[in-house]
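First the structure, in the form of structure tokens, and then the observations on it.
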Amino acid sequence: MSICKKTVTETAELLRTRKISADELVKEYFDEIKKKNPDINAYVTICEDEAIKAAEAAQKIMDSNNDVPYLCGIPMTLKDNICTKNIKTTCASKMLEDFLPPYSATVYKKLLDSGTVLLGKLNMDEFAMGNSSEHSIFGAVHNPWNTAFVAGGSSGGSAASVASNLAAFALGSDTGGGIRQPASFCGVVGLKPTYGLVSRYGLIAFASSLEQIGIISKDITDCGIIMNVITGHDPMDSTSIKRPAEDYSEGLGKNIDGIKIALPKELFGSELEKEVGNVINDTLKRLESRGAVLSDCSLPTIENAIHAYYIISSSEASSNLARYDGIRYGHRNERAENISDLYRKSRTEGFGQETKRRILLGTYALSAEHQDELYKKALKVRNIITREFRNAFDEYDIIAAPVSPVTAFKLQENLNNPLKMYLKDVYTVAANLAGLPAVSIPCGKDKKGLPIGIQLIGKPFSEKLLLNVGKQIEMEAGRLEII
Amino acid sequence: MNYDIVIGLEIHSELKTSSKIFCGCKNEFGGEPNTRCCPVCLGMPGTLPALNKRVLEYAIKAGLAMNCRIAGFSKFDRKNYFYPDMPKAYQVTQHSLPICYDGYVDIDVGYETKRIGIERIHIEEDAGKLIHSSTGQGSLIDYNRSGVPLIEIVTKPDLNSPEEAKILLETIKTILEYTEVSDCKMQEGSLRADVNLSLRPIGSNTPGVRTEMKNLNSFRAVQRAAQAEAERQARVLDSGQKVYKETRRWDDHKGESLPMRDKEEVMDYRCFPEPDLPPVYVDEDFINEIQASIPELPGMRRERYINQYGIPKYDAGLITQNKVLADIFEKASEVCGNPKLVSNWIMTEIMKRMNEEGEGILHSYLNGDNFGQILLFLDKGDITHAAAIQVIDVLLETGEEPIVIVERLNLRVQRDESLVANTIKQVVNSNPQALDDYISGKKKAFGFFMGKIMAELKGRGDPSQVKEILTKELQRYL
Amino acid sequence: MTVVDVKTVRKIADMAAVFIEEKDLEAYAAQLNTIMEHMGKIMDLDTGDQEPMEHILPVKNVFRDDEVTNKNIKDELLKNASVKEDGYFKVPTVVE
Ligand SMILES: [Mg+2]
Ligand SMILES: [Zn+2]
């Protein structure tokens, strides 16, 4: 088996026992990247020289020091909306094509401190707006299971890189399903942590009140290990929470007797493809056989989650993306004759179609004329949805649902129908509106051989429970591996 | 037609914190361009704000000093608009729930006291600065001021004349200086005002359409701009035309204002809650702590000066209008023991210099202690009035101790009776014509002798002593 | 019912400082209209006297101390700007 197929846990063991050195390991990964990336298009920037240097440094630490961080020498990769000092961070946009951040995201700093090695930066939907990773100046990400299909999005590059063994793990961001849906489409684990648990400092903002940086990993155990590194209060992010550290990798797989799992009927709606539904139901039955208690429930307002989500996220995006004017950084039209021309031309050239569409939607929803009926209304709905979740969690421990009503769709299939594309987020956006942790775990495949993921949503800061139940699913379904 | 003038002010004041509002950059005026900046205050992608606690404290302090209520719950909003000095293309401000509201400030208009309502005081961030390129092509941006903390004080439209507007701004400046939340250096733009003005036919209850004039940065400009705008609106209304709700720019050189944008264009700022900053809850204890730190304010201080030092109300009002000046007065009175003398000298010599050279002299070598020493010399008759002025001149230049100046320049009054008498004799003898005049009854000759003698004594003679001896000396010839 | 038409697109594009070519206006209007018609369903929902949710976190009063922690990194900050002059960022003349 190629060493690149191994999990973080397995790889760490090989490094620790000197079966391979960190620099050899990194070279293996670059061989794999060179072989596969042209077909998958997960990486947009490859940091080979820097990575080899970092791996050599990691090896020195391992050679000389007894107190070696667990992740020392582990090759990893980041979605290209996470700022990396002096390494291009593009958001897959012409706007930031040449942007070299003079600072690093807090999560990246934490990963560097723990000795991991950055292999490169990953493709995505421009500014994380989309669920197919087709809206990218670098071209679409292809699904490693079948390259005619999308990888999902917006963290499509993150999911595809891990699924095709081009990194031991990846970080992505999840604003409305941006980690969970591509993880589900690519057959890997994707975790969106509770809002506030992971610092957003250095994550290029799309919709600030909804998004979190999260993890895409080969299995649940890896996910827990990486959570231990990236979580924690950050004074640079005023919305990051102060709370005692937890060990997310500890005790995974312990029994789930009596764990109450609710199945909201609204998240099993008519749009759900039968095949996907069947695999989810089978998975739930197996959880039942392991002691979980399943119940049906209703979260009525969740049906409006998708509306509230698109209104709020576009509104925030219209403000967050207003700063791109070509003056201090980013694409600049060189022929502009006056300041208003400079704004208009730079922004028109720098942003792709979908990004412009969202900016216009958000501008509309925030305008004086429509703010009350759209934006403020959406905030009210957000409040109701959050309360409905809270009430459900008084009774149940976990809410289970599909991640997406469909498996990966064909490239180009939905590109000209934005609304149809948006509606595919129907099961994932509610967790973002309510700030709840949610994980996507591979649990089967459809007849086309495309992966299906199940989603577990928990109360705030219940990541450990989610990972534990996720581990049970993983033990039943096994890891999905591309042969 | 005759109109009532209705004016409200929006006053922006930079807070004198050490660091900026949302990042650890230095909050200081000037500096090499873009050297007091970081990714946060430049609005670079992925950066986030972190609120400086002192900004909140200072805003509350200013609010309490202006008799405001303090909001138990307040929050931040984004005000979206494009302008090159606004790096994020939105200003973080408190649009919907300001930290302070519903206060008032009393101002003195002539002999009357008038109460002006304070609608709200909110916290926001300042923008960068644009300058013209020396090449003549293009504009240059310096973001050193971007992220400097501001409070915006919004008054109720309770002001009814340009003069009242000016007085209110002066009064608020004094309060901000006393509470030490702002240095109010108007020439550096750390205190600036927008004037909202409308006219209403006398006797009518319907408010007129108002215009706004932005960024006036001197008292004079506020008063002149308001005066000119009131006159302009009156002309427009008298000619049967309409006043448009618009923003105008005041040109202080030309003494006129012009509209800033098209009349049709109404700005839609799309304000919404800032998702990157959690709300602020303020409790009684926190407010009480800040309340306890507020010093004696100008109004109270003025009353105390009248009662404790017995100086005129007018003088007390003027002196307390400037905290540094009031501090100098108090210290000098203590040192020299004659508050009325100190007050007189402030009202004349010091005010004259402030008018000529600006307030800078209060921040130079002059302080209450050395000023008091000079006046003590004067009060004891050790130096003359003219010499006291000379000591002040030298002090402002060299910063030497008054005693050193007095000794070095030999300014001490010459009281040696025999020396003075000899000088007088000599002067009288060497001016026979004047003596003849005096003898023949021309009293003017006495003044001539005085001048000659004082000059001979190099200005150091004690006039009363000289007068006494001279009178005796001349008596001998009559 | 059309909620977003060409005129609306022109207006919001102007507000958002983007430029939509005349030939694309119709298409944008049609797409945005389809989207807004759907998302606009939220208006029909009875939200009673529910307050708008402005912050999802029960977090409040997050402050930093008033300390200067940053140094001059002018060159790094100017690195990404394509037009600059004498340590300033540069734009076409802004007439005040
Ligand atoms: Mg303001
Ligand atoms: Zn800064």
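Each reported figure results from applying straightforward, stated rules to the coordinates on display, with no laboratory input. Because the structure is predicted, anything quoted here is derived from the model rather than measured. Methodologically, a virtual Cβ is constructed for each residue, glycine included, from the backbone with ideal geometry; neighbour enumeration extends over all protein chains shown.
Quick look at the numbers
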quantity: Cut-off 14 Å between beta-carbons: net charge of the residues surrounding A:Asp341, Lys and Arg +1, Asp and Glu -1; calculated: 0
quantity: Förster radius 56 Å - calculated FRET efficiency between B:Ile389 and A:Gln353, Cβ distance, rounded to 0.05; calculated: 0.15
quantity: Exposure proxy ranking, count of Cβ atoms within 10 Å, fewest first, for A:Cys443, A:Cys72, A:Cys91, B:Cys68; calculated: A:Cys72, B:Cys68, A:Cys443, A:Cys91
quantity: Gaussian network model of chain C, springs between alpha carbon atoms under 10 Å - residue of C:Glu22, C:Glu76, C:Glu37 with greatest fluctuation; calculated: C:Glu76
quantity: B:Arg302, A:Arg335, A:Arg328, A:Arg243 arranged by Cβ crowding within 10 Å, fewest neighbours leading; calculated: A:Arg335, A:Arg243, B:Arg302, A:Arg328
quantity: For region B:296-408, fraction of C-alpha pairs farther apart than 21 Å, in %; calculated: 30
quantity: Other-chain or far-sequence residues with amide H under 5 Å of B:Asp4's (modelled H); calculated: B:Arg200, B:Ile202
quantity: Principal axis box of region B:151-306, alpha-carbon based, largest edge first, Å; calculated: 56, 51, 36
quantity: Taking N as its residue count, the alpha carbon Rg of chain B over 2.2 N^0.38 Å; calculated: 1.28
quantity: Beta bridges by DSSP in chain A, antiparallel share as percent, to the nearest 5; calculated: 70
quantity: Label point distance in nm, A:Asn281-B:Glu400, each placed 7 Å from Cα along Cα→Cβ; calculated: 10.4
quantity: Cβ-placed point charges (K, R +1; D, E -1), dipole of region B:296-408 about Cα centre in debye, nearest 20; calculated: 480
quantity: Gyration tensor (alpha-carbon) shape descriptor, region C:1-46, a/c threshold 1.5; calculated: prolate
quantity: Relative contact order of region B:3-287, defined on C-alpha pairs under 8 angstrom at six or more residues apart (%); calculated: 25
quantity: Alpha-carbon Rg with Dmax, taken over region B:3-287, Å; calculated: 19.2, 58
quantity: Per-residue HN-Hα couplings for region B:19-31 [Karplus 6.51, -1.76, 1.60; θ = phi - 60°; Hz; x = Gly/Pro]; calculated: 10, 6, 6, 10, 8, x, 7, 5, 9, 8, 5, x, x
quantity: 14 Å cut-off, amide nitrogen to a point 7 angstrom out along B:Lys185 Cα→Cβ, residues in region B:94-130; calculated: none
quantity: Estimated inter-spin distance, B:Leu409 and A:Gln412, nm [label 7 Å along Cα→Cβ]; calculated: 9.3
quantity: Rounded to whole Hz, the Karplus (6.51, -1.76, 1.60) HN-Hα couplings of region B:326-342, x for glycine and proline; calculated: 5, 4, 5, 4, 5, 5, 5, 5, 5, 5, 9, x, 9, x, 5, 4, 4
quantity: Shape call, region A:376-443: gyration tensor on alpha carbons, a/c limit 1.5; calculated: oblate
quantity: Scaled radius of gyration (Cα, divided by 2.2 N^0.38 Å) that region B:417-475 gives; calculated: 1.00
quantity: Region B:77-143 shape via C-alpha gyration tensor axes, a/c threshold 1.5; calculated: oblate
quantity: Footprinting exposure proxy for A:His370, B:His122 (fewest neighbouring C-beta atoms within 10 Å first); calculated: A:His370, B:His122
quantity: Antiparallel bridge percentage (DSSP; both residues within the protein assembly as shown; nearest 5); calculated: 85
quantity: Relative contact order (percent, whole number), region B:417-475, Cα cutoff 8 Å, 6+ residue spacing; calculated: 41
quantity: Percentage relative contact order, chain A, counting C-alpha pairs under 8 Å, at least six apart; calculated: 17
quantity: Counted charge near B:Val109, where neighbours are those whose Cβ lies closer than 12 Å (Asp, Glu -1; Lys, Arg +1); calculated: -4
quantity: Translational diffusion coefficient (Stokes-Einstein; Kirkwood radius from C-alpha pairs) of chain A at 37 °C, 0.692 mPa s, in µm²/s; calculated: 148
quantity: Alpha carbon convex hull of the protein assembly as shown, projected area averaged over orientations, nm²; calculated: 55.2
